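I have placed the structure first, in the form of structure tokens, so that the comments after it can refer back to it.
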Amino acid sequence: MRYAVAMSDEYSQPTLELSRTFEGWWLPRRPLCCDDDYAALRRRSRADALRCKHIEANPSALVNTIVVDIDDANAKAMALWGHRGMLPNWIAENPANGHAHAGWVLTYPVPRTDMARLRPLKLLHAATEGLRRSCDGDMGYAGLLMKNPEHPAWASEIVEHDTYDLDDLRAALEDAGDMPPASWRRTKRAQTVGLGRNCALFDKARTLAYRYVRRLPDRSEASSEELRLYVRCTCHELNTEFPAPLPAREVEDIAKSIHKWIITRSCMWRDGAIANAATFITIQSARGKKSGEARLTKRTEMLARYEQEVLEKCR
């Protein structure tokens, strides 16, 4: 990448084209940022943040940039090689050791607020893992802070100007064999790193919330408030189990989403406590009957095999 003006022997000034393009993609308005001292991490205005080496990759409500941390002396080559149809939009390389951050920008940002749908978040999480695998990126990188492509400390460049639809990224990753299988989502690492924390927290908390609903005596405003407090406390407790917990605001959004869905769309709430209890008993009875029939069939088959083996030995 060519730079307009040399600032010193160590740093170079990014081109105007890089700045205009990157700032058109980058969404945060008051991002977290810092230089090399992470203890000084704090929120600043957008203009002030762009003077720092490290900046927040995405706003708290949306994800439109997937960042992969490549800790290798040949990081740039690893981000480009074998990436037909999914070249990174930008690369910020550390000229001292060759390590780099590569970023893929989404045409349509994925929400992660209380109004967010879980399926796009899960797809985004899987695509992020696929891109990490395609570059052999750092498994422990959480995606919160990234190298600021505009900072002169990094050798940065725009690689691809066209942004990506999430489905297009998935297709390219599947063609390259880098998309993780569905079983990967059940692994511990998938559930405790990056966006996997959002998905895992949502799934665990909503399951516990469904059980709690069955214990409520009615569907009054008082019961709704009790459920809201239970879901909120549960989400924050589960969040403490992650090696790198989610920000409190994201936890609050997840709790709000679960509570709102239950009281507005769930038949558990709409049908009332009595009907819900009767439905639960019916379902459990049917499951018990089916399980009993399966066990009886298995015992009958085992007994038949045993009798057959005894007959064969007696011949």
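The values are calculated or read from the model by the stated rules, or taken from the named source; none is laboratory data. These numbers were taken from a predicted model, which means no experiment stands behind them. Virtual Cβ from ideal backbone geometry, glycine too; neighbours counted across all protein chains shown.
Scanning region 86-128 for residues that are closer than 19 Å to Gln191 by Cα and free of Cβ contacts under 8 Å to residues at least 40 places away in the same chain yields Arg117, Arg119. Scanning region 83-101 for residues that are closer than 22 Å to Thr163 by Cα and surrounded by fewer than 16 Cβ atoms within 10 Å (Cβ to Cβ) turns up Arg84, Gly85. Listed by first and then second residue, the pairs linking a residue in region 259-270 that is of a type in the set (D, E, K, R) to a residue that is part of a helix (DSSP H, G or I) and surrounded by fewer than 16 Cβ atoms within 10 Å (Cβ to Cβ), with Cβ atoms under 9 Å apart and 6 or more places separating them unless they lie on different chains, are Arg270/Thr264. So, in region 260-315, of the ones that are within 42 Å of the chain's Cα centre (by Cα) and among the aromatic types (Phe, Trp, Tyr), which residue ends up modelled with the lowest pLDDT? Among those that are within 42 Å of the chain's Cα centre (by Cα) and among the aromatic types (Phe, Trp, Tyr), it is Phe280. A Cβ distance below 7 Å, combined with a sequence gap of six or more or placement on separate chains, defines the contacts here; from region 191-214, residues that are under 19 Å from His259 (Cα atoms) reach residues that are outside any helix (DSSP H, G or I) and of a type in the set (Phe, Trp, Tyr) in the pairs Arg197/Phe242. Filter region 50-104 down to the residues that are closer than 20 Å to Asp175 by Cβ and part of a strand (DSSP E or B) and list them by number. The answer is Ile66, Val68, Ala102, Trp104. Take the conditions (1) surrounded by fewer than 22 Cβ atoms within 10 Å (Cβ to Cβ); (2) within 16 Å of the chain's Cα centre (by Cα); (3) aliphatic (A, V, I, L, M); Leu80 misses just one of them, which is (2).
Give me a count of the residues in region 228-255 that are part of a helix (DSSP H, G or I) and either more than 13 Å from Thr113 (Cβ to Cβ) or touching a Lys or Arg at 6+ places or on another chain (Cβ under 8 Å) (or both). Don't jump to the end; show me each part of the working.
Within region 228-255, the first condition is being part of a helix (DSSP H, G or I), and the residues that meet it are 228-239, 248-255.
After this cut, where a residue has to be either more than 13 Å from Thr113 (Cβ to Cβ) or touching a Lys or Arg at 6+ places or on another chain (Cβ under 8 Å) (or both) as well, the list is 228-239, 248, 250, 252-253, 255.
Qualifying residue count for the region: 17.
Checked against (1) under 24 Å from Ser134 (Cβ atoms); (2) outside any loop (DSSP other than H, G, I, E, B); (3) small (Gly, Ala, Ser), Ala47 passes all but condition (1).
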